Amino acid sequence: MHFNIPDLNLFIHVAEASSLTGGARRANLSTAAASMRIKSLEGQLETRLFYRDSQGVELTPAGHDLLVHARAIMRQVDYIKDEFSQYAEGQSGHLRIFANTTAVSDFMPDVLARFLVDRPGVTIDLQERMTHEIVRGVLDGSSDLGVIAGPVKDAKKLQVIPFSVDRLVLVTPHDHELAREAQVSFRQSLGYPHIGLRETSTLFQFLKSQAQEAGVDLQMRIQVYGFESACRMVSRGVGISILPRSIAHRYADFMNIHTVDLADDWAERERSLIVRELDALPKCGKALVEQFQNLTEH
């Protein structure tokens, strides 16, 4: 049995007006069209819903029963419309975001906090992933948005939205011999023990690949689980590290660390959002993209 929502709505109008003509008028239908649809509804239910006479119409017992159910159904339809109108307005919704290590640890907490505090009905699933996993996740639909740094593979299949610049720098103790240099190459730094992030971080994997391209081993003295831990290790003289400049400057105010620019072209990497189709995002997703675009460059 198939119920048509407009037919149920028409049935309610006719019942409340006690008139086929009056109900048709409320439903913006002709009387003939309304009569045909009511008869079709009675045919589906295999029962009479109205007694008809020259004065109008009156509900049958079956009609009374249907009116109770029809009103409940229409209330539920109204609830659904109301709930999804909030999604359409960007006040409700759920977004899954895959992002690299720097994004998750550095700027995204602040960005998402500002975004979520004004949208109590929005929830976000933020996951740290490797760059290739971020791209694949957006392509296959398992992620709504991706946040990466550097060139984007499969860019022709995605919309790439740059929003800021991420510059990697060498971080040393103040008394380290490389701290006297105005600029050093990554290859120069590889002659010293490094402090790196964990194996699964996007930054570690990126630096590992750059060392392999240079044909030099990346000497890891220790691998830690966060940028602050890396800076603390550097400040104690354990080794040197390659970190985002914005993060190093944050800890330089109260730790014994110094930053040196890297001469390598890849040290400056463009940060981008990637999406399959911006227009297909829910309104809350589009609002988040706009907030990213308003970020100031680090």
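Remarks
- All of (1) more than 14 Å from the chain's Cα centre (by Cα); (2) surrounded by 22 or more Cβ atoms within 10 Å (Cβ to Cβ) hold for D110 with one exception: (2).
- Of residues in the range 184-236 being closer than 18 Å to A263 by Cα and small (G, A, S), the one surrounded by the most Cβ atoms within 10 Å (Cβ to Cβ): S189
- Here T259 meets each of (1) of a type outside the set (K, R); (2) at pLDDT below 95; (3) assigned by TED's automatic domain parsing to the domain that holds S209 with one exception, condition (2).
- Residue check, S272 hydroxyl-bearing (S, T, Y) and over 33 Å from the mean Cα position of the chain (by Cα): no
- Any hit, the range 51-59, residues being modelled with pLDDT of 90 or more, among the aliphatic types (A, V, I, L, M) and either assigned to a helix (DSSP H, G or I) or more than 30 Å from S92 (Cα to Cα) (or both): yes
- Residue match in the range 161-169 (condition: surrounded by fewer than 19 Cβ atoms within 10 Å (Cβ to Cβ), aliphatic (A, V, I, L, M) and closer than 16 Å to V275 by Cβ): yes
- Selected residue (only one of L203, L190, L170 is farther than 25 Å from V138 by Cα, of a type outside the set (S, T, Y) and touching a Ser or Thr at 6+ places or on another chain (Cβ under 6 Å)): L170
- On the stretch given as the range 135-157, residues that are of a type outside the set (D, E, K, R), at pLDDT 85 or above and either over 15 Å from the mean Cα position of the chain (by Cα) or not in a helix (DSSP H, G or I) (or both) total 9.
- Single condition R236 does not satisfy, out of (1) basic (K, R); (2) modelled with pLDDT of 95 or more; (3) within 30 Å of L281 (Cα to Cα): (3)
- Which numbered condition V160 fails, given (1) at pLDDT 95 or above; (2) assigned by TED's automatic domain parsing to the domain that holds E277: (1)
- Odd one out for I274, checked against (1) assigned to a helix (DSSP H, G or I); (2) not assigned by TED's automatic domain parsing to the domain that holds Q188: (1)
- Single match in F107, F50 (criterion: aromatic (F, W, Y) and free of Cβ contacts under 8 Å to residues at least 60 places away in the same chain): F50
The values are calculated or read from the model by the stated rules, or taken from the named source; none is laboratory data. In this text the structure is predicted, and so the values were computed from the model without any measurement. Please note: Cβ atoms are built from the backbone with ideal geometry, for glycine as well, and neighbour counts cover all protein chains shown.
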